[in-house]
1. Could you say whether any residue in the stretch 308-331 is out of contact with any helix residue (DSSP H, G or I) (no Cβ under 9 Å at 6 or more places or on another chain), polar (S, T, N, Q), surrounded by 13 or more Cβ atoms within 10 Å (Cβ to Cβ) and modelled with pLDDT under 85?
2. Could you list, in sequence order, all residues of the stretch 310-341 that are more than 30 Å from residue 128 (Cβ to Cβ), touching a residue at least 24 places away in the same chain (Cβ under 8 Å) and either part of a strand (DSSP E or B) or not assigned by TED's automatic domain parsing to the domain that holds residue 283 (or both)?
3. Report yes if some residue within the stretch 226-236 is assigned to a helix (DSSP H, G or I), under 15 Å from residue 321 (Cα atoms) and either assigned by TED's automatic domain parsing to the domain that holds residue 278 or among the small types (Gly, Ala, Ser) (or both); otherwise report no.
4. Would you confirm, using the coordinates I've provided, whether residue 223 is assigned by TED's automatic domain parsing to the domain that holds residue 323 and under 32 Å from the mean Cα position of the chain (by Cα)?
5. Which condition breaks for residue 183 when tested against (1) part of a helix (DSSP H, G or I); (2) more than 27 Å from the chain's Cα centre (by Cα); (3) closer than 30 Å to residue 266 by Cα; (4) not polar (S, T, N, Q)?
6. Considering only the stretch 186-223, how many residues are of a type in the set (Gly, Ala, Ser), out of contact with any Ser or Thr (no Cβ under 9 Å at 6 or more places or on another chain) and in a helix (DSSP H, G or I)?
7. Scan the stretch 247-262 residue by residue and report those that are closer than 12 Å to residue 273 by Cα and either touching a helix residue (DSSP H, G or I) at 6+ places or on another chain (Cβ under 6 Å) or aromatic (Phe, Trp, Tyr) (or both).
8. Could you please give the count of residues in the stretch 177-225 that are charged (D, E, K, R), surrounded by 13 or more Cβ atoms within 10 Å (Cβ to Cβ) and within 22 Å of residue 275 (Cα to Cα)?
Amino acid sequence: MVGVLKKYSLALYSSLFIALCSTIVAGGFFYLQNDRLSFGLFLFFLLIFIISFFILQFRIEKFIHARIKKIYSDVQLLDENNLAQAPITTDMDMLTQEVERFAQDKKLEIETLNIKENYRKEFMGNISHELKTPLFTVQGYILTLLDGAMHDKKVLKKYLQGAEKGVDRLIHIIKDLDMITQLESGGLVLKRDDFNIVVLIQNVLDLLEMKAAKKNITLTFDRKYEEPIMVNGDRDRIEQVLINLVVNSIKYGKRDGTTEITIEKLLQNKILIRITDNGEGIAKENLTRIFERFYRIDKSGSRKEGGSGLGLSIVKHIVEGHSEKIYLESQLGIGSEFSFTMENRK
């Protein structure tokens with residue numbers, strides 16, 4: 001009842017004021033004519049009140065409806081058709097709440113768009129850098145050969161090998177871009193199966209042993225795992241995750257350092273695989289963005305190590321594609337630990 005009175009308060013009070021004023025005037029007239037107030041005066045008051053209320057309410061609704069409809073149309077807050085579904089009254093609280101909600105939503109939307117725009121600009125700059133470096137390298141070798149160096153067999157072979165490396169890097173970047181596009185769009189289907197994660201990790205360590213030896217980095221388990229640890233997932237994709245993480249630890253690891261892998265059993269049929277190194281580490285302000293495509297810790301734009309710059313982003317997408325979690329802990333100058341969960345099949 002209170003809500004109804006509040007909605008129609010303007011028309012009610014206005015009608016009451018008009019009726020009272022009309023009644024006072026009419027009462028004075030009757031008093032002068034008859035020297036007394038009659039029952040007709042009350043009926044006159046009631047009639048004027050009712051007529052005034054409906055006229056005022058109709059006019060106010062029409063007036064406000066036209067202006068509110070224009071506001072809705074201007075800000076595209078609601079579909080205009082929605083206005084016809086509920087009567088508009090003189091209560092402005094609902095409109096105020098709608099406008100405030102609209103303003104808050106638009107503020108968040110603008111902030112999100114600004115973040116996305118900054119990310120887009122940064123991404124375009126990074127991908128441009130990644131592509132132009134090998135392209136310019138290949139172009140430089142080819143132009144030098146065309147200028148006459150091709151007649152020297154030693155120079156010809158050397159430059160062709162250099163051009164081949166540039167092309168290989170371009171192909172690697174394009175393949176990674178294609179993969180991450182499939183991962184983000186859900187186009188890459190995971191072939192899940194049960195397999196022994198201990199054997200898979202050992203195969204990855206054996207594969208990367210020579211790469212680690214160039215910096216005298218030791219690749220090892222934290223202990224000897226006698227029993228198989230069965231997990232469920234896409235074996236090839238998990239192998240790619242492990243290779244990317246171990247290669248990353250080698251790239252940024254210290255000479256004569258160590259990369260250690262630990263398998264830890266958790267509750268609820270989960271295991272946690274940790275890849276820990278004592279390398280360069282990552283500054284705190286970079287931790288939240290390290291999995292972004294082409295994100296650079298080194299803002300100078302130069303890379304000491306090769307690669308597409310998409311490895312960690314691919315790792316994150318593959319792990320999350322398995323409905324699992326990936327974590328990162330790192331301290332600058334001390335080292336980093338990447339870890340991810342997997343479903344354990346006992």
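The values are calculated or read from the model by the stated rules, or taken from the named source; none is laboratory data. None of these values were measured; they are calculated from a predicted model. Every residue, glycine among them, receives a Cβ derived from its backbone with ideal geometry; neighbour counts consider all protein chains shown.
1. The answer is no; no qualifying residue exists.
2. 331, 335, 337, 339, 340, 341
3. Looking only at the stretch 226-236, we keep the residues that are assigned to a helix (DSSP H, G or I), and these are 235-236.
Add one more test, that the residue is under 15 Å from residue 321 (Cα atoms), and what stays is 235-236.
Subset that is either assigned by TED's automatic domain parsing to the domain that holds residue 278 or among the small types (Gly, Ala, Ser) (or both): 235-236.
Within the stretch 226-236, one or more residues are assigned to a helix (DSSP H, G or I), under 15 Å from residue 321 (Cα atoms) and either assigned by TED's automatic domain parsing to the domain that holds residue 278 or among the small types (Gly, Ala, Ser) (or both).
4. Working: assigned by TED's automatic domain parsing to the domain that holds residue 323: yes; under 32 Å from the mean Cα position of the chain (by Cα): no.
It is false that residue 223 is assigned by TED's automatic domain parsing to the domain that holds residue 323 and under 32 Å from the mean Cα position of the chain (by Cα).
5. (2)
6. Step one: list which residues in the stretch 186-223 are of a type in the set (Gly, Ala, Ser), which gives 186-187, 212-213.
Adding the requirement that they be out of contact with any Ser or Thr (no Cβ under 9 Å at 6 or more places or on another chain) leaves 186, 213.
Okay, now just the ones that are also in a helix (DSSP H, G or I), so 213.
So the count comes out to 1.
7. Once the filter is applied, which keeps residues that are closer than 12 Å to residue 273 by Cα and either touching a helix residue (DSSP H, G or I) at 6+ places or on another chain (Cβ under 6 Å) or aromatic (Phe, Trp, Tyr) (or both), the stretch 247-262 yields only 261.
8. Total meeting the criteria: 2.
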